[in-house]
Each structure stands twice: as structure tokens, then as C-alpha cells.
Amino acid sequence: MEVNEVLQITDVLDTNIEHAYDTVARALQATDWPRFLITEKEEIRIPKKAGRVLDVSREEIQARYLSREQLLNDPPAGFHLIHHPMINHKLTLARSRETGEAEFERLINEISLALSVYATEDLEEEPVQIATPICGAVGTQIAGMKPTIVPIWRAGEGMKPGIRSWLTNSRVGNVGLYRNHKTLLPIIYYAKMLRGLKKIAYGDVKKRAAYVCDPMLATGVSAVATIEILKSFGYRKIKFISILSVPQGVNAILMAHPDIEIYTAALDVGLDERGYIVPGLGDAGKRLNGTDWDDEEFDWEEWDALVEYVDGPVES
Ligand code: URA
């Protein structure tokens, strides 16, 4: 039985086809790219605003939109909805409002580890000679460059330990972004990949696998923008791992980045009017960090004044 079916769900905005174009277009036009990575010393030429304009028409995006039923019954090759009894069990506990912070964090890590097992099935191996206490033997080891885990701040941080305890040879890059509440464009305030940027920008990063993680694939704006950043750094083998997803976010990634694979433990019904996943698990960042401010209490005027002071006027 599906968890969604046993709940009385009202109030789900089926914001799908109408908003699909705007979501993808906005995510690709992300502004304020990571200036501080462009240093003379490193001679990196990453454009200050590397945002890409969507070159697919609104009609085409709408025609290609996959409903929840299609994603469940006839999933495209890049969408992996992982079914495993233990993952489902842990996910149900994580969804419950009765679950406290420490247990929630542990569950997110365990589910993340489990999803990363599936997401890394295609890692390349090479033979290696070892000696067991009994005799010589040939085993295998992971070949090639160390993979990069890229948590999207801040909730993505909650998945890092779980994925990293599976991908023990990984490195970590970090991306922080938030959405400007007037323009709805994602603002990238932090993006740091690895040391040796010159090598990364021009060299072998193409061969390095990257695993972007965010527990909640909701509108898809952050995911699409983050994948775009990684591509601008030269990454080509990118996968996206989320605990929960909804059709809006899955479609956004599939349309903006058809070459990316998505791994998720559940495809929920949709988003409510505040952008929360329904039935979801609430605000993952809040639950992971034990913080309790929400947007209603946030002083956006003060925030705008600060942003304008630092960056100049924001167009609405
Ligand atoms: N981010 C969250 O933390 N929760 C949601 O439901 C959607 C986005």
C-alpha cells in the first residue's frame, strides 16, 4: 500500500504543466554565480553570470511533462524510484511528526546511504592484487577519479555523512543558494568544488562522478541550478539523490538536464501553496537543524535592504 493513498490529502496544488516552463527557465537563469572562484592566480574563466536561457518552447515543455502516473508506471530511463522495504520503513518514521531531531537525522543518513548504493552501481572497477592471510588473490577496487558529493545547502548537508560512509573515497563540493522572493530566481551565494580549480576546469573533471544531494526535490529550481553549476565546472557524470520527490521537480530536472539520473525513495503527490511536499516530511532543513524560524517571521524588507547594499538594486 502506498503511503500517499492511506492519507486524506486535500489542498494539493497540482502545479504541474502550467508552471513547468517557468520553473525550468528560472532555474537556468540563476544569477550571481560564484565570483570568488574567478581568481587571477587560477586563471579560471567562469563567466560571472553563466546562466543559460532555456531554448525549448513553452509548448514543447508542456507536451513533454510526465504526470505522476506516467512516472510511476512507465518511468523514463533517468528516473529511479527505489523500492526497498527497509527504506520505506525508515521513510515512514522520518515522515512522522512524532520523530525527534536526532532520530530524524539518523534516518535521513541511513536512507541516503541506501540510495547511494543504487546510485553508485555503475562505478568503474579495476582488478587489484592482494594477499589474504591464506594466499595471494585478485580483488577489485574502484577505478578512476574520486567521486564528488555535492550537498545543496542547507538540507543537503544532512545527507552527506550517509552518502560519504558508503562512498568512502569521495570528495565534497558545496553549493549554497536561496530563492529571491521577488524575482523567484535562484541566487547562488556559495559554490566551492575542489582544490586545484585549474585542473578541474580544464582537465579530468569530466571523468569524475558527482552526486548532488538534497532531501527534498520540490520545484526543482535548486537542483536544476546546482547541476548547471557543476556542468559549468566541467562535470559530465552527474547524478541527483533525494529522499522525497514530486513530479514538478522530477520533470524540471529531466527537461533541463536530460542527461542526469535521479535516485529517490518516494514520488509524493505534489506541492502545497507554500511549496511544501505533500504528504512530505515537513521542512527538512528545520528538522535537521532544530531551527524554528519560518518565512512568515522573516523580515524580507530588511533582507532586501542588505542585498541591495551589497549587490546593488534587485530588479523585480
Ligand atoms: N523543502 C523542504 O524542506 N520541505 C519541503 O516539503 C519542500 C522543500
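Here, each number is a calculation from the coordinates, and none is a lab measurement. Since this is a predicted model, take the numbers as computed values, not measurements. Glycine also receives a Cβ, built like all others from the backbone with ideal geometry; neighbour counts cover every protein chain displayed.
If R0 is 30 Å, what FRET efficiency do you get for Glu59 and Asp259 from their C-beta distance, rounded to 0.05? Show your work: numbers first, answer last.
On the way: r = 23 Å, r/R0 = 0.75.
E(calc), rounded to 0.05, equals 0.85.
Exceeding 23 Å between C-alpha atoms, which entries from my cross-link table qualify? They are Lys146/Lys192; Lys146/Lys239; Lys207/Lys239; Lys160/Lys286; Lys90/Lys192; Lys160/Lys231.
Distance filter (> 23 Å) returns Lys90/Lys192.
How high is the FRET efficiency between Arg236 and Trp166 when r is their beta carbon distance and R₀ equals 22 Å, given to the nearest 0.05?
Numbers: r = 22 Å, r/R0 = 1.00.
Efficiency computed from Cβ-Cβ geometry: 0.50.
Tell me the label-point distance for the pair Gln141, Asp122, using the 7 Å Cα-to-Cβ offset, in nm and rounded to one decimal.
Output for this residue pair reads 2.5 nm.
Averaging the inverse of every distinct alpha carbon separation and then flipping it gives the Kirkwood radius. What is it for the range 221-277, in angstrom units?
Values: mean 1/r = 0.0839 Å⁻¹.
Mean inverse Cα-Cα distance, inverted, gives 11.9 Å.
Output wanted: per-residue J couplings in Hz (rounded whole) for the range 245-256, from phi through Karplus 6.51 cos²θ - 1.76 cosθ + 1.60, θ = phi - 60°, x for Gly and Pro.
In residue order, the calculated couplings are 9, 10, x, 4, x, 4, 4, 4, 5, 4, 7, 6 Hz.
So how do Lys239, Lys146 line up by other beta-carbon neighbours within 10 Å, fewest first?
Details: Lys239 23, Lys146 13.
Least crowded to most crowded, the residues run Lys146, Lys239.
Taking the number of other C-beta atoms within 10 Å as the exposure measure, put Ser232, Ser116, Ser242 in order starting with the fewest. Display every interim value, and only then the final one.
On the way: Ser232 17, Ser116 25, Ser242 31.
In increasing order of surrounding Cβ atoms, one gets Ser232, Ser116, Ser242.
Counting only residues 5 or more places away or on other chains, whose amide H sits under 5 Å from the amide H of Gly173 once H atoms are built in the peptide plane?
Residues meeting the criterion, in which the H sits 1.01 Å from N, are Ile149, Val150.
Taking neighbour Cβ counts within 10 Å as the exposure measure, how do Leu123, Leu306, Leu93, Leu267 sort from fewest upward?
Values: Leu123 14, Leu306 11, Leu93 17, Leu267 21.
The order, fewest Cβ neighbours first, is Leu306, Leu123, Leu93, Leu267.
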